[in-house]
Amino acid sequence: MSVLYQDQWLAVVDKPAGLMVHDSKLARGETEFLADLLRAQFDRPIFLIHRLDRATSGCLLIAFDRDTASLLGRDFMSRDVEKDYLAVCRGWPDASIDLDYPLDGGPGKPLRRPAVTGFVRLATGELAMPSTGFDTSRYALLRCRPETGRFRQIRRHLKHLSHHLIGDSSHGDGRHNRNFRMQGVHRMLLHAVRLSFRHPHSGERIETVAPLDAEFRKAFALFGWDVELR
């Protein structure tokens, strides 16, 4: 795995799309997991501070000891930790949206809890493919900043807004997903581009930025988007 930051206590790695972080009920026959690969790569125990969906790429924070993991876990959901994602969605949302919409915890966890995500529209584009009542299909690039950490929060919040995430087979819009597959883009377009947090031991501000992979860059090229990844 590409390492974006590393010291004796922790690391931030660039998780590739399509790889599950760890074994779970959602694994469905998967045999390769990021956690196992990282233990072998670093040759030491690792503690996952948060999760990314299998289809999501980008910044993932790990600790190398239990005390550091505890400190990071305590701070991770605070507003002092900034988690920025890039997403491509259907339609052209408002320039800025602060969505406060409770979500359940996923399968078998019906209790709805507060869930807050901030969305900022960075760019828009169109494909010459008819959409319902229109000659073209409209899409937008969003910066998403979740303030809570609910199950598939960004994906489900975009569905609630009717601006479905492109490539999302569970909560997305199949017609628009097919439009992108026809253009050679076969992944879910959600990327954890930036992670900024205070180091639990030194107090230093750590900021990491994960580059886009080839599939995501292909989506940018469809619309001529040139957005700084910060």
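The values are calculated or read from the model by the stated rules, or taken from the named source; none is laboratory data. Because the structure is a prediction, the values reported are computed rather than measured. Note: ideal-geometry Cβ built from the backbone for every residue, glycine included; neighbour counts use all protein chains shown. Side chains included, ligands, DNA and RNA excluded: accessible areas come from the protein's heavy atoms. Shrake-Rupley method; radii C 1.70, N 1.55, O 1.52, S 1.80 Å.
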Revision key, fill the gap. The residue from Leu158, Leu142 that alone is crowded, with 18+ Cβ neighbours inside 10 Å, among the aliphatic types (A, V, I, L, M), closer than 27 Å to Val21 by Cα and touching an Asp or Glu at 6+ places or on another chain (Cβ under 9 Å) is Leu158
Practice item. Kindly state which strands (runs of 3 or more DSSP E) lie completely within region 1-102 and contain at least 2 residues that are open to solvent by 50 Å² or more (accessible area, probe 1.4 Å) and over 23 Å from Arg152 (Cα atoms). Key: 2-6
Study note, to complete from the structure: If we take region 153-230, then helices (runs of 4 or more DSSP H) inside it with 3 or more residues that are in contact with a strand residue (DSSP E or B) (Cβ under 7 Å, 6 or more places away or on another chain), of a type outside the set (Val, Ile, Thr) and touching a residue at least 12 places away in the same chain (Cβ under 8 Å) are 153-160, 214-223
